[in-house]
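Enquirer: If you scroll down you'll find the structure; I have some questions about it.
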Amino acid sequence: MPESNAPIRFTIPIGPQHPALKEPGHFQFTVDGEVVTSAYVRLGYAHRGIEKAAEQRSWIQNLYLIERICGICSHIHALAYCLAVENLAHVEAPPRAQAIRTVVAELERIHSHFLWIGVSAHEAGFETLFMYSWRDRETVMDLLEGLTGNRVNYSANLLGGVKFDIDQAQADSIRKGLDFLEERTRHYLDVISHDSTFLQRTRGIGVMTSAQAEVMGAVGPTARASNVKRDLRVEAPYAAYKAFPVQMVLDTRGDLEARFEVRLKELFESFRLIRQILDALPEGELAVRLPRRIPAGETVVRLEAPRGEVYYFVKSAGADKPERLKVRTPTICNLTSVIRLAVGHQLADVPMILAGIDPCFSCNDRMVQVRDTKNDSQKLMTWEQLRQHGIDFYRSNGK
Amino acid sequence: MNTQEIITLAEGIVQQWDWATEVSHPRPNQLDVHVKLLKELVPIVVGLRVKRLGYLCAIVGIDLGPEANEMEVLYHFCPGDVLIALRVRVPRQDGTVPSLSEVIPSAEVFERELHEMFGIEITGLRNTERLYLPESWPEGLYPLCKDFNPASLTDHAGEN
Amino acid sequence: MNRLATMFPDVFKSIFIRPVTEKYPFERPEKVERLRGLLQFDPANCSGCGLCAMDCPAMALEVTMIDRKARKFYITYHTDRCMFCGQCVVTCNKGSLSMSNDEWELASLDKNDFTIIFGEKPDAEPALAGQPAGQPEPTKPA
Amino acid sequence: MNVLLGIASLLVFPGGLFLLVSGLMYEWADHKLIALLQNRVGPRWFQPFADTLKLLMKEEIIPDGVNSIMFVGLPLMALAGALTAGLYIPLAGLPPTFGFPGDLIVVLYLLSLLTLGIGLAGANTLDRFSLIGATRTLTQVFSYEAPFLLALLGPAMVAGSWQVGKISAYAGSHWLILTQPLGFLVAVIGLMGKLELAPFDAPEAHTEIVAGAMTEYSGRGLALFNLGRAVELVIGLTLVSAFYLGGLSNPLWFLTKTLALLLVLVGIQSLLTRLRIDQTVGLWWRYGVLLVLIQWLIVILFRGF
């Protein structure tokens, strides 16, 4: 309750159940008229205790548990887990399996980005773009279904390889689908960068500078739209990205429009990469066998999910179950940064800013509380302050 | 900066605390730093951060079990494809680590999760409200500890 | 050049084409070759080893051994627990399991329809039934 | 006999029942056409009726902290206003049932009653979405009302009368869309603002503020507001097409012209992104008013006075 002589603040709660959010999350925005003066997040409504559950299941069973962390980027989670387990077991999946994993990962990226265009268009109130982008998303989902037998939760991975092969007919249907999708992507890129009513809602909104993005630890397309070079496919190539490199898509503007453009331009890279892999699919086995007990050790795997960097820490004690499994998803990194950007914007822009990072709360699987009042935001240090802080620390240590 | 340069740079920074740390290379792109003196943790982090090696990927807590009677906290910094792991050991009961949130804002989330899941106290954390466990979660029960038994929860399930 | 109504070509075209909406119960989607539907069992080579049950992440399979020597056993398949991941098909090295690609409409009003018995289940449980093979101690969800 | 006829005209045609049914049918047409443009199937013809029936059958929950008389009364007032306005306009191509000099202004204010009702209903509840929605609704009223009114007064000026029946009769022989295109444009956009159709749906932008002012309404109250809006859709379409599209001389013309106008509205709805409330206000006062004043200037200059 506001104090009697304090200016009356108006708090708008968004979520856990709200039409703008397809997943549960709770946001509180204090508004002054239409302008947001503070923002507050609380997540974790989709917390399922997966990290604990994983300690009680066998290595193989976990693969499917992990795949269900997120419905959109299910493959990348399973892939990260597989790579971690293979790492621990000192096995490498055969090159053909790696290539197929990469194809599925890129198809998933296309699927995720198309979904995201639709969601953000919906937040912006552009229903037609929403409907058309989701219509076209069906194409990539059908491709994935044809390839793996399921539209979501593809279960393409096995510990040590993949389940499904890509034969000539599959490759042809994927190529055909990609041609259509590429044409559509070109069209959507035109729409989001030239439609004047849409640009009114994206241009100059939610600007995050490169320095801010770096300090607050943004990842994925959100960071790249602010010209932060952070793409693990380039920095630390995994699976088949070593043999088939990708280009990093960067933008300097850092606003919503840049985030849109980065994501769509990334799709062209995906199309190109998938075609390239299909043309030069390495021959060989699909999977190698892994022991049921994984040797003791610990490993960290970081992959570039459609939304940004996923991080997996897996520790084995040599048993048939993991000792500790830790997942960190991209949303948690981006949410803390972007929620601060909402302050000072119109309430109408907030759903767009939220959607701009492509939040995934079930992925996130944890709860954040970032109270961002005006005092608190001063806790954020600029590089200069940080440098000074560092010098002070060195001094106090007599160095 | 390539992998080798980053590793060398990081090692150079950590060397300044050689009385408090122990460095090892489990993998070519990984640098493990065992921090033996807790109060040196934040200065080391600042040292890394100033050289732009301070992209904090995650903070991982590991319960080493009742026999070891210790918990391990891992701070993973991931500049490029390098992994710098600061490892800290704390006692299983009343373990305490300093907060990094003054230096790295995004650390707050990870630290609160750490506190919630392992019962490790974080000194200097501004906000210690419940993080991702429900409000009705019993006090002093830390789900990621090895001796936590999920079945014990059924006793509390009827409360709300 | 920024302009209004960039979606006009789509909108105009859609007047002349059919809606893409699938009228599902009336029009059936095309059959997908690799679709993972209901699990099928071929008893020919099955030895009742129970590996499938061990690897099943959803504990949808239970192998019950009646007589280990005579290789008499039956498998209980809980379709309501199954999440159609296909791990059991990969795990089975005898090729006894496969997934149907046209049986995927599994909704039912009767709970009993969700339990399918592979093999022959004796009418009465024998008093000295063997331990469930392969199945680890079932951890009951709280 | 006259009394019976009067009651019939109030309850069945052109008032009451006819307005309600045609309102719901036009609402369906609106949804169906949008679906068509978005490559979807869209609802079947009885969907709005089913929705209304369902809402009428549901329990109406009166939240704590509201003035319950206002809470129940406002939807009634809004619907009554919209239905009354229907008596003064050439519905179904027939001349208006009632008329008196200057009834155009009365019709416009009766139509505003709906928006006002929604705004007050939102302000009446303690819900934060409703309050924001109410603020936005009322802000929007103040931005579109003046240009819309001015745009409809353009035809009144050339017809030399402020009576809907007479203007519509005059417009029957003059296609005013050709002589007053700017006025037509402002009238159409104004109508969309009045009906809170996309892209002017900021007051009920459900990704931001759920259902805006009507968030707390359920059951009967929501049904009445929805009916009121459906009726207003018909009346608005009738007015604009009667004034600008060469009059409504018979039911066939009525159907053709209003549907053609609806198609224009649907096209605009499906092609534009929702405007923020500040952008809406800016649009109206910067361009809407300016355009309509230019139109007036042209009309005045050519009429010569």
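The values are calculated or read from the model by the stated rules, or taken from the named source; none is laboratory data. Fair warning: this is a prediction, and the values are worked out from it, not measured in the lab. Cβ atoms come from the backbone with ideal geometry, glycine included; neighbour counts cover every protein chain shown.
Enquirer: For D:Leu110, are the conditions met, namely being farther than 15 Å from D:Arg220 by Cβ and buried (at least 19 other Cβ atoms within 10 Å of the Cβ)?
Expert: Numbers: farther than 15 Å from D:Arg220 by Cβ: yes; buried (at least 19 other Cβ atoms within 10 Å of the Cβ): yes.
Criteria met by D:Leu110.
Enquirer: So which residues in segment C:19-42 are of a type in the set (A, V, I, L, M) and touching a residue at least 12 places away in the same chain (Cβ under 8 Å)? Talk me through it step by step, then tell me what you get.
Expert: The first filter runs over segment C:19-42 and keeps only residues of a type in the set (A, V, I, L, M), leaving C:20, C:32, C:35, C:38-39.
C:Val32, C:Leu35, C:Leu38, C:Leu39, listed by residue number.
Enquirer: For segment A:114-134, how many residues are at pLDDT below 90 and closer than 25 Å to A:Ile166 by Cα?
Expert: So the answer is 1.
Enquirer: Another question, if that's okay. Select from segment A:46-71 the residues that are touching an Asp or Glu at 6+ places or on another chain (Cβ under 8 Å) and not in a helix (DSSP H, G or I) and list them in ascending order.
Expert: Passing the criteria: A:Ala46, A:His47, A:Arg48, A:Glu55, A:Ser58, A:Ile69.
Enquirer: Using the structure shown, decide if D:Leu185 is hydrophobic (A, V, I, L, M, F, W, C), touching a residue at least 60 places away in the same chain (Cβ under 8 Å) and assigned to a helix (DSSP H, G or I).
Expert: On the way: hydrophobic (A, V, I, L, M, F, W, C): yes; touching a residue at least 60 places away in the same chain (Cβ under 8 Å): yes; assigned to a helix (DSSP H, G or I): yes.
Yes; evaluated as a whole, the condition is true for this residue.
Enquirer: Just checking, does segment C:33-47 include any residue being exposed (fewer than 11 other Cβ atoms within 10 Å of the Cβ) and touching a Lys or Arg at 6+ places or on another chain (Cβ under 7 Å)?
Expert: Yes, the conditions are met somewhere in segment C:33-47.
Enquirer: Here is a further query. Looking only at segment D:155-170, decide whether some residue is of a type outside the set (Gly, Ala, Ser) and more than 26 Å from D:Phe98 (Cβ to Cβ).
Expert: no
Enquirer: Looking only at residues that are aromatic (Phe, Trp, Tyr) and surrounded by fewer than 22 Cβ atoms within 10 Å (Cβ to Cβ) in segment D:283-292, which one is nearest to the other protein chains (Cβ to nearest Cβ)? Reasoning before the result, please.
Expert: We begin by selecting, within segment D:283-292, every residue aromatic (Phe, Trp, Tyr); these are D:284-285, D:287.
Narrowing further to those that are surrounded by fewer than 22 Cβ atoms within 10 Å (Cβ to Cβ): D:285, D:287.
On the way: D:Trp285: 16, D:Tyr287: 13 Å.
If we take residues in segment D:283-292 being aromatic (Phe, Trp, Tyr) and surrounded by fewer than 22 Cβ atoms within 10 Å (Cβ to Cβ), then D:Tyr287 is nearest to the other protein chains (Cβ to nearest Cβ).
Enquirer: Condition first: touching an Asp or Glu at 6+ places or on another chain (Cβ under 9 Å), of a type in the set (A, V, I, L, M) and away from every other protein chain (no Cβ under 14 Å). Can you find one or more residues in segment D:34-56 that meet it?
Expert: So far as segment D:34-56 goes, no, none of its residues is touching an Asp or Glu at 6+ places or on another chain (Cβ under 9 Å), of a type in the set (A, V, I, L, M) and away from every other protein chain (no Cβ under 14 Å).
Enquirer: Just to be sure before I move on: is D:Gly212 more than 17 Å from the chain's Cα centre (by Cα), on the phi > 0 side of the Ramachandran plot and surrounded by 24 or more Cβ atoms within 10 Å (Cβ to Cβ) in the structure I sent?
Expert: Yes, satisfied.
Enquirer: Right, another one. Filter segment D:36-60 down to residues that are of a type in the set (Gly, Ala, Ser) and either at pLDDT below 90 or in a loop (DSSP other than H, G, I, E, B) (or both), then give me how many there are. Even if it seems obvious, please write down each step before you answer.
Expert: Filtering segment D:36-60 down to residues of a type in the set (Gly, Ala, Ser) leaves D:42, D:50.
Restricting the remaining residues to those that are either at pLDDT below 90 or in a loop (DSSP other than H, G, I, E, B) (or both) gives D:42.
Looking only at that region, the number is 1.
Enquirer: If you go through segment A:248-259, how many residues are part of a loop (DSSP other than H, G, I, E, B) and of a type in the set (Lys, Arg)?
Expert: Residues that pass the stated criteria total 1.
Enquirer: Still on this structure, I have one more. Among the residues of segment A:166-195 satisfying the criterion of being of a type in the set (A, V, I, L, M), part of a helix (DSSP H, G or I) and buried (at least 18 other Cβ atoms within 10 Å of the Cβ), which is nearest to the other protein chains (Cβ to nearest Cβ)?
Expert: Just the residues of segment A:166-195 that are of a type in the set (A, V, I, L, M), to begin with: A:166, A:169, A:171, A:174, A:178, A:181, A:189, A:191-192.
Of the ones still in play, those that are also part of a helix (DSSP H, G or I) are A:169, A:171, A:174, A:178, A:181, A:189, A:191-192.
After this cut, where a residue has to be buried (at least 18 other Cβ atoms within 10 Å of the Cβ) as well, the list is A:171, A:174, A:178, A:181, A:189, A:191-192.
Values: A:Ala171: 14, A:Ile174: 13, A:Leu178: 18, A:Leu181: 15, A:Leu189: 11, A:Val191: 4, A:Ile192: 9 Å.
Result: A:Val191.
Enquirer: State all residues of segment A:142-152 that are more than 7 Å from every other protein chain (Cβ to nearest Cβ) and surrounded by fewer than 21 Cβ atoms within 10 Å (Cβ to Cβ); if no residue qualifies, say none.
Expert: A:Asp142, A:Arg151, A:Val152
Enquirer: Then there is this: For segment D:227-250, state whether one or more residues are surrounded by fewer than 23 Cβ atoms within 10 Å (Cβ to Cβ), in contact (Cβ under 8 Å) with a residue 60 or more places away in the chain and more than 30 Å from D:Gln295 (Cβ to Cβ).
Expert: There is no residue in segment D:227-250 that is surrounded by fewer than 23 Cβ atoms within 10 Å (Cβ to Cβ), in contact (Cβ under 8 Å) with a residue 60 or more places away in the chain and more than 30 Å from D:Gln295 (Cβ to Cβ).
Enquirer: Look at segment D:201-231 and say how many of its residues are in a helix (DSSP H, G or I), of a type in the set (D, E, K, R) and at the interface with chain A (Cβ under 10 Å from one of its Cβ atoms). Spell out how you get there, then give the answer.
Expert: So in segment D:201-231, the residues in a helix (DSSP H, G or I) come out as D:202-204, D:206-209, D:212-214, D:219-231.
Those left that are additionally of a type in the set (D, E, K, R): D:204, D:208, D:220, D:229.
Filter once more, keeping what is at the interface with chain A (Cβ under 10 Å from one of its Cβ atoms): D:208.
Result for segment D:201-231: 1.
Enquirer: When A:Ala171 is evaluated against the numbered criteria (1) without any contact (Cβ under 8 Å) to a residue 60 or more places away in the chain; (2) in contact with a helix residue (DSSP H, G or I) (Cβ under 6 Å, 6 or more places away or on another chain), which criterion, by number, is the only one it fails?
Expert: (1)
Enquirer: Considering each residue of segment A:202-247, count those that are assigned to a loop (DSSP other than H, G, I, E, B), within 20 Å of A:Glu123 (Cβ to Cβ) and in contact (Cβ under 8 Å) with a residue 60 or more places away in the chain, and give that number.
Expert: Total satisfying the criteria: 5.
Enquirer: Something else now. Restricted to segment C:1-18, and to residues that are out of contact with any helix residue (DSSP H, G or I) (no Cβ under 7 Å at 6 or more places or on another chain) and either more than 9 Å from chain A (Cβ to nearest Cβ) or in contact (Cβ under 8 Å) with a residue 40 or more places away in the chain (or both), which residue is farthest from A:His194 (Cα to Cα)?
Expert: The residue in question is C:Arg18.
Enquirer: Here's another thing I want to ask about it. Return only the number of the condition from (1) touching a helix residue (DSSP H, G or I) at 6+ places or on another chain (Cβ under 7 Å); (2) under 22 Å from D:Gly73 (Cβ atoms); (3) surrounded by fewer than 18 Cβ atoms within 10 Å (Cβ to Cβ) that D:Leu126 does not satisfy.
Expert: (1)
Enquirer: For the condition at positive phi, at pLDDT below 85 and buried (at least 16 other Cβ atoms within 10 Å of the Cβ), what is the one hit in D:Gly86, D:Gly65, D:Gly16?
Expert: Numbers: D:Gly86 fails: at positive phi; D:Gly65 fails: buried (at least 16 other Cβ atoms within 10 Å of the Cβ).
The conditions single out D:Gly16.
Enquirer: Go through segment D:134-144 and give me each residue that's surrounded by 20 or more Cβ atoms within 10 Å (Cβ to Cβ) and within 18 Å of the chain's Cα centre (by Cα).
Expert: D:Ala134, D:Arg136, D:Thr137, D:Gln140, D:Ser143, D:Tyr144
Enquirer: Same structure, new question: Taking the criterion of being within 14 Å of chain A (Cβ to nearest Cβ) and among the β-branched types (Val, Ile, Thr), would at least one residue in segment C:46-66 satisfy it?
Expert: Going residue by residue through segment C:46-66, those that are within 14 Å of chain A (Cβ to nearest Cβ) are C:49-61.
Still in the running and among the β-branched types (Val, Ile, Thr): none.
Scanning segment C:46-66 turns up no residue that is within 14 Å of chain A (Cβ to nearest Cβ) and among the β-branched types (Val, Ile, Thr).
Enquirer: In segment C:59-89, how many are among the hydrophobic types (A, V, I, L, M, F, W, C), in contact with a strand residue (DSSP E or B) (Cβ under 8 Å, 6 or more places away or on another chain) and closer than 29 Å to A:Leu143 by Cα?
Expert: So the answer is 5.
Enquirer: Another one. Could you check segment D:256-282 and list, in sequence order, the residues that are within 14 Å of another protein chain (Cβ to nearest Cβ), in contact (Cβ under 8 Å) with a residue 40 or more places away in the chain, in a helix (DSSP H, G or I) and aliphatic (A, V, I, L, M)?
Expert: Going through segment D:256-282, the residues within 14 Å of another protein chain (Cβ to nearest Cβ) turn out to be D:263-282.
Still in the list and also in contact (Cβ under 8 Å) with a residue 40 or more places away in the chain: D:263-270, D:272-277, D:280-281.
This time we only want the ones that are in a helix (DSSP H, G or I), so: D:263-270, D:277, D:280-281.
Listed by number, the residues that qualify are D:Leu263, D:Val264, D:Leu265, D:Val266, D:Ile268, D:Ile277, D:Val281.
Enquirer: Related question: Quick one: B:Leu100 ticks every box in (1) facing chain A (nearest Cβ under 8 Å); (2) within 16 Å of the chain's Cα centre (by Cα) except a single one, so which number is it?
Expert: (1)
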